[in-house]
Amino acid sequence: MHTRAHRCFSRVIYGDTDNMGYAYYANYLRWFEIGRTELFRAWGLTYRTIEERGIFLPVAEAHCKYIRPLSYDDRLTIETRLDLTVRAGMKFDYRILDDSGELRVAEGYTRHPYVDHGGRVVRPPQFITELIRAHKQPAA
């Protein structure tokens, strides 16, 4: 079970490419971060606001499967969903798609514990659980 998918867009800039002219592999994790950030923003909550409320979401695990290369100036679609089956922390699932939004380029996930200012793992805060509840995908 997931939240509804959120889509946003980015473009491969020259500095994102390696000597072969393809997007450097680590940039996919940066695009995952853009997707996660924009998902929260679309829900009406910024990462800055979450942190101002004393909650931090460090990346504890990241996985990316590369399917097709991207090149300089390619426009890409970043699709992000929150996996609701995870109880401890948050798990975001991502798909990087081509400009048409149809052809898969990469897919993966990141996992994040909820931590406080001291770096201690804490329970999900109520303001986030309410936000997630409001954005659950309707049952089919």
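The values are calculated or read from the model by the stated rules, or taken from the named source; none is laboratory data. Keep in mind that this is a model prediction, so the values were computed, not measured. Ideal geometry is used to build each Cβ from the backbone, glycine not excepted, and the neighbour counts take in all protein chains shown.
Considering only residues that are hydrophobic (A, V, I, L, M, F, W, C) and touching a Gly at 6+ places or on another chain (Cβ under 9 Å), look in region 28-67 and name the one that is nearest to residue 16 (Cα to Cα).
My answer is 29.
For region 12-29, check the following and say yes or no: at least one residue is loosely packed, with under 15 Cβ neighbours inside 10 Å and closer than 19 Å to residue 109 by Cβ.
Among the residues of region 12-29, at least one is loosely packed, with under 15 Cβ neighbours inside 10 Å and closer than 19 Å to residue 109 by Cβ, which makes the answer yes.
Give region 68-120 a look and list any residue that's in contact with a Gly (Cβ under 7 Å, 6 or more places away or on another chain), free of Cβ contacts under 8 Å to residues at least 60 places away in the same chain and either closer than 27 Å to residue 51 by Cβ or part of a loop (DSSP other than H, G, I, E, B) (or both), or say none.
111, 112, 113, 114
Working only within region 55-68, note down all residues that are surrounded by fewer than 14 Cβ atoms within 10 Å (Cβ to Cβ), of a type outside the set (D, E, K, R) and over 16 Å from the mean Cα position of the chain (by Cα).
Once the filter is applied, which keeps residues that are surrounded by fewer than 14 Cβ atoms within 10 Å (Cβ to Cβ), of a type outside the set (D, E, K, R) and over 16 Å from the mean Cα position of the chain (by Cα), region 55-68 yields only 67.
Take region 37-54 and flag every residue that is under 20 Å from residue 119 (Cβ atoms) and surrounded by 18 or more Cβ atoms within 10 Å (Cβ to Cβ).
Residue satisfying the conditions is 50 alone.
Could you go through region 122-140 and let me know if any residue there is modelled with pLDDT under 95, of a type in the set (Gly, Ala, Ser), in a loop (DSSP other than H, G, I, E, B) and under 23 Å from residue 1 (Cβ atoms).
Yes, region 122-140 contains a residue that is modelled with pLDDT under 95, of a type in the set (Gly, Ala, Ser), in a loop (DSSP other than H, G, I, E, B) and under 23 Å from residue 1 (Cβ atoms).
In this structure, does residue 71 turn out to be over 30 Å from residue 120 (Cβ atoms), surrounded by 13 or more Cβ atoms within 10 Å (Cβ to Cβ), modelled with pLDDT of 95 or more and of a type in the set (Gly, Ala, Ser)?
It is false that residue 71 is over 30 Å from residue 120 (Cβ atoms), surrounded by 13 or more Cβ atoms within 10 Å (Cβ to Cβ), modelled with pLDDT of 95 or more and of a type in the set (Gly, Ala, Ser).
Which condition does residue 85 not pass, out of (1) closer than 25 Å to residue 23 by Cβ; (2) under 18 Å from the mean Cα position of the chain (by Cα), if it passes all the others?
If we test residue 85 against (1) closer than 25 Å to residue 23 by Cβ; (2) under 18 Å from the mean Cα position of the chain (by Cα), just (1) comes out false.
Residues in region 84-140 that are basic (Lys, Arg), surrounded by fewer than 13 Cβ atoms within 10 Å (Cβ to Cβ) and more than 19 Å from residue 44 (Cβ to Cβ): how many?
3
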